[in-house]
Amino acid sequence: MTTNELPKYDMSDNPTGCCPRFVPEPWDNQEVTFKDKLFVKGKTVGFMHIPLNMGGMMTKTMKMIKDAGAFPGDFLLLSHDPSPW
């Protein structure tokens, strides 16, 4: 993997109908550098670690990703769920 490039993933390996299956091997022993990359931030409201507005948030976020020309292929979606509230 080259600097500032994400490992490729297989969108057809999509058992949930939402996101491709995560395959960790391409990420092993790699240092990923985000140089001159755009970032989009979305927030969900949750209760007991269950997101309540995930559909609407993902619709808006994916529109921003597509408008930036990063879909398909050159985006990474991260999630952080530090609290049940």
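Numbers at a glance
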item: All positions within the range 11-43 that are over 21 Å from residue 61 (Cα atoms) and of a type in the set (Asp, Glu); result: 13, 25, 28, 31
item: Subset of the range 41-59 (residues that are in contact (Cβ under 8 Å) with a residue 12 or more places away in the chain and either in the same structural domain as residue 9 (by TED's automatic domain parsing) or surrounded by fewer than 13 Cβ atoms within 10 Å (Cβ to Cβ) (or both)); result: 43, 47, 48, 49
item: Yes/no for residue 7 being on the phi < 0 side of the Ramachandran plot, surrounded by 12 or more Cβ atoms within 10 Å (Cβ to Cβ) and not assigned by TED's automatic domain parsing to the domain that holds residue 74; result: yes
item: Test for residue 22: is it part of a loop (DSSP other than H, G, I, E, B), among the aromatic types (Phe, Trp, Tyr) and in the same structural domain as residue 10 (by TED's automatic domain parsing); result: yes
item: Residue in the range 32-40 that is of a type in the set (A, V, I, L, M), surrounded by fewer than 11 Cβ atoms within 10 Å (Cβ to Cβ) and assigned to a loop (DSSP other than H, G, I, E, B) present; result: no
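The values are calculated or read from the model by the stated rules, or taken from the named source; none is laboratory data. Not measured: the values here are computed from a predicted model. Reconstructed Cβ throughout: ideal geometry from the backbone, glycine too, with neighbour counts over all protein chains shown.
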